[in-house]
1. Considering amide H positions built from the backbone, and no H for Pro or chain starts, which residues 5 or more places from GLU133, or on another chain, come under 5 Å of its amide H?
2. Per residue, what accessible area does region 91-194 have, given a 1.4 Å probe and all protein chains present, in Å²?
3. Within 15 Å, Cβ to Cβ, of VAL46, how many net charges do the neighbouring residues add up to if Lys/Arg are +1 and Asp/Glu are -1?
4. Would you work out what percent of the accessible area of the chain, with all protein chains in place, is carbon or sulfur (probe 1.4 Å)?
5. Straight-line reach only, C-alpha to C-alpha below 21 angstrom: list the lysines that LYS89 could link to, leaving out same-chain residues fewer than 8 apart.
6. LYS154: which lysines have alpha carbons under 30 Å from its alpha carbon, excluding same-chain residues fewer than 8 sequence positions away?
7. Under 5 Å between amide hydrogens, which residues at least 5 positions from ILE60 or on another chain qualify, with H placed 1.01 Å from N in the peptide plane?
8. Take every DSSP beta bridge whose two residues both sit in the chain, then give the antiparallel share in percent to the nearest 5.
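The values are calculated or read from the model by the stated rules, or taken from the named source; none is laboratory data. All values derive from a computational prediction rather than experimental measurement. Reconstructed Cβ throughout: ideal geometry from the backbone, glycine too, with neighbour counts over all protein chains shown. These area figures cover heavy atoms from the full protein model, side chains too; ligands, DNA and RNA do not enter into them. Shrake-Rupley method; radii C 1.70, N 1.55, O 1.52, S 1.80 Å.
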Amino acid sequence: MAKLYYRYGAMSSSKTANALMVRYNYFERGQKALLLKPSIDTRDGVFMLKSRSGLEAECILFENMPVEDVKNGVYDCIIVDEAQFLSKKDVELLTTIVDEYNIPVICYGLRADFKGEFFEGSMWLMAWADTIEEIKTICWCGRKATFNARLDGKGGITKVGEQVVLGANDKYIGLCRKHWRLGDPGPEHRGKKE
């Protein structure tokens with residue numbers, strides 16, 4: 001019985017590396033995994049997923065998913081990175097794929113934005129996924145990082161602005177709730193100016 005999985009974590013928790021390893025595991029066993037990402041994520045190129053650890057692979061944009069191939073059983077698994085950027089309609093499509101075509105779907109993404117609010121995709125994945133798993137990472141203080149903080153370029157963090165501003169370590173850091181609440185990005189970032 002196939003399931004819809006949502007594997008979420010704060011920034012720098014190795015979500016993309018995990019997605020690429022799962023894809024490799026399917027490939028190593030002679031099975032086909034469809035690797036997707038939303039078109040909003042252009043940081044590493046339109047059709048490329050790259051992890052900070054150096055792993056990378058070509059992917060297809062979610063909006064260009066070969067639905068007929070999916071329906072015809074061409075793929076043994078679907079893997080979606082940056083799933084927080086999906087819409088409610090996109091998540092509904094994934095539930096249909098799992099329920100009607102018995103294909104497991106594994107989504108990776110953030111739980112919440114830099115303001116501590118749900119993204120649309122993560123909200124519906126948290127509501128509808130069969131299995132929800134946290135990919136853990138740590139704050140600079142050693143506690144579990146559960147919040148995504150946007151660096152302000154002045155040695156602190158900001159909680160105002162557009163929900164989506166693409167970036168990686170240059171713009172975001174994972175923090176524990178305490179340091180997110182206090183606006184403290186840690187000694188490595190304090191006092192840094194862009």
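1. TYR6, ARG7, TYR8
2. Working: 5520 Å² over 104 residues.
On a per-residue basis, 53 Å².
3. Working: positive: LYS37, ARG43, LYS50; negative: ASP41, ASP44, GLU56, GLU58, GLU63, ASP81, GLU82.
Taking every other residue near VAL46 into account, the sum is -4.
4. On the way: 4850 of 10040 Å².
C and S atoms contribute 48 percent here.
5. Those lysines meeting the cut-off are LYS3, LYS37, LYS71.
6. Cα-Cα hits under 30 Å: LYS15, LYS50, LYS115, LYS136, LYS144, LYS171, LYS178, LYS192, LYS193.
7. Placed amide hydrogens put LEU35, LEU36, LYS37 under 5 Å from ILE60.
8. Values: 11 of 29 bridges.
So the antiparallel bridges in the chain amount to around 40 percent.
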